[in-house]
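The values are calculated or read from the model by the stated rules, or taken from the named source; none is laboratory data. All of these numbers come straight from a predicted model, not from anything done at the bench. Note: ideal-geometry Cβ built from the backbone for every residue, glycine included; neighbour counts use all protein chains shown.
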Amino acid sequence: MEYNLDIPLERDICFFDIEATGLNVIRDRILQIGIVKFFADSRPPAEMYMLINPGVPISEEALSVHGISNKDVANKPTFQQVAEKIYDFIGDADLAGYNSNRFDVPMLMEEFDRVGMHFDMEKRRSLDVQRIFYKMEPRTLKAALKYYCDQEMPDAHDALADVRATIEVFKGQLNRYKGVDYIDEDGNVEKTPIKKSIPALHDFTNDLRFVDATQKMKLDQNGVVVFTFGKYVGRPVGEMLSKDKQYYHWMLSKEFSSQVKQIIQKLVKEYEEGRKF
């Protein structure tokens, strides 16, 4: 299939989709991944697709969605065996997908973390096509393909088919919402947010108040990262965890995402280094 994104790129961007053993980004595992990479230097796009042995049983709920059974992946490589290949293929590219900010990105980060590889999101932009769709026309990927492109989707929940559909929906959104303002539920108007600009679409599809995909931390009105849960809710993360090392080590040892753990380590380090001056 030929791809034509028709949008200026400052750096490469990977549209990707994963299918998994379940919906828990920390406990579940990837069993299928599809990636289409667009290059800033205008080279033809590249595809990657593979089935992965997750090493854990596939839930009945997940099987009913994507139809991939334990037998289908029994003889496939594990994530550890393909991690470097996936990591190198993505490189330092931005990421895009459908519900990718809440599911695909954090799950991919967890898989890399389990095999000892650091997948840094801090310098990447993330574009969630679902967020454009849900903000402008709240429906599903299948309905989005029909609505924006007048196409049917017979292979829903196959990773590469979902990636292809997401790209077509994204192109349809760029055309449909060209010059259209966004009005939120409070009546605030954002002038023509859907444009051929990855930075602008990153801002539009991300809730910039939250600093992690699981929304355990957010920026307060002064731009300080604060907790959204627990005994320190609303309090500065770096300061609280620096003063309460028991709570800090508890968070590092418990079932928080690798992204959360990376962020709190960085914030504690910055706070303690700042106190030296």
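Only residues that are farther than 23 Å from Ala213 by Cα and touching a residue at least 24 places away in the same chain (Cβ under 8 Å) were counted in the stretch 119-146, giving 2. For the stretch 225-249, filtered to residues that are modelled with pLDDT of 95 or more and within 26 Å of the chain's Cα centre (by Cα), the residue that is farthest from Leu108 (Cα to Cα) is Pro236.
I'm told Arg102 meets every condition in (1) modelled with pLDDT of 95 or more; (2) within 25 Å of Val260 (Cβ to Cβ); (3) out of contact with any Phe, Trp or Tyr (no Cβ under 8 Å at 6 or more places or on another chain) except one. Can you identify the failing condition by its number? Just one mismatch for Arg102, condition (1).
Enumerate the helices (runs of 4 or more DSSP H) found wholly within the stretch 195-277, keeping only those where 3 or more residues are among the basic types (Lys, Arg) and within 20 Å of Gly97 (Cβ to Cβ).
Qualifying helices (runs of 4 or more DSSP H): none found.
Condition test on Leu201, is it within 30 Å of Asn175 (Cβ to Cβ) and modelled with pLDDT of 95 or more? Considered against the rule, which asks whether it is within 30 Å of Asn175 (Cβ to Cβ) and modelled with pLDDT of 95 or more, Leu201 comes out as yes.
Taking the criterion of being in a loop (DSSP other than H, G, I, E, B), closer than 19 Å to Asp203 by Cα and out of contact with any helix residue (DSSP H, G or I) (no Cβ under 8 Å at 6 or more places or on another chain), the residues of the stretch 121-150 that qualify are Glu122, Lys123, Arg124, Pro138.
Selection over the stretch 263-277 of residues that are surrounded by 15 or more Cβ atoms within 10 Å (Cβ to Cβ) and either modelled with pLDDT under 95 or more than 24 Å from the chain's Cα centre (by Cα) (or both) gives a count of 2. Of the residues making up the stretch 67-79, not a single one is in contact (Cβ under 8 Å) with a residue 40 or more places away in the chain and part of a strand (DSSP E or B).
For the stretch 212-229, the criterion of being among the polar types (S, T, N, Q), touching a strand residue (DSSP E or B) at 6+ places or on another chain (Cβ under 7 Å), farther than 22 Å from Cys14 by Cβ and surrounded by 14 or more Cβ atoms within 10 Å (Cβ to Cβ) is satisfied by at least one residue.
Table: residues versus (1) under 20 Å from Met48 (Cβ atoms); (2) assigned by TED's automatic domain parsing to the domain that holds Ala62; (3) more than 18 Å from the chain's Cα centre (by Cα).
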{"residue": "Tyr98", "(1), (2), (3)": "yes, yes, no"}
{"residue": "Asp104", "(1), (2), (3)": "yes, yes, no"}
{"residue": "Glu122", "(1), (2), (3)": "no, yes, no"}
{"residue": "Ala143", "(1), (2), (3)": "no, yes, yes"}
{"residue": "Tyr147", "(1), (2), (3)": "no, yes, yes"}
{"residue": "Met153", "(1), (2), (3)": "no, yes, yes"}
{"residue": "Ile167", "(1), (2), (3)": "yes, yes, no"}
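Among the residues of the stretch 80-108, just one is touching a residue at least 60 places away in the same chain (Cβ under 8 Å), in contact with a helix residue (DSSP H, G or I) (Cβ under 9 Å, 6 or more places away or on another chain) and assigned to a loop (DSSP other than H, G, I, E, B), namely Tyr98. Determine if the stretch 162-177 includes at least one residue that is within 20 Å of Lys37 (Cβ to Cβ), outside any helix (DSSP H, G or I) and among the basic types (Lys, Arg). No - not one qualifying residue is present in the stretch 162-177.
Taking residues in the stretch 240-260 that are not assigned by TED's automatic domain parsing to the domain that holds Glu110, and partners anywhere that are in a loop (DSSP other than H, G, I, E, B) and of a type in the set (Val, Ile, Thr), the pairs with Cβ atoms closer than 8 Å and at least 6 places apart or on different chains are Glu255/Ile26; Phe256/Ile26; Phe256/Thr214; Ser257/Val25; Ser257/Ile26; Ser257/Thr214; Gln259/Thr214; Val260/Thr214. The condition of being surrounded by fewer than 16 Cβ atoms within 10 Å (Cβ to Cβ) and at pLDDT 90 or above holds for only one of Gly179, Gly187, Gly172, that being Gly179.
When the residues of the stretch 135-186 are filtered to those that are touching a strand residue (DSSP E or B) at 6+ places or on another chain (Cβ under 7 Å) and β-branched (Val, Ile, Thr), which remaining residue is nearest to Leu108 (Cα to Cα)? The residue in question is Val163.
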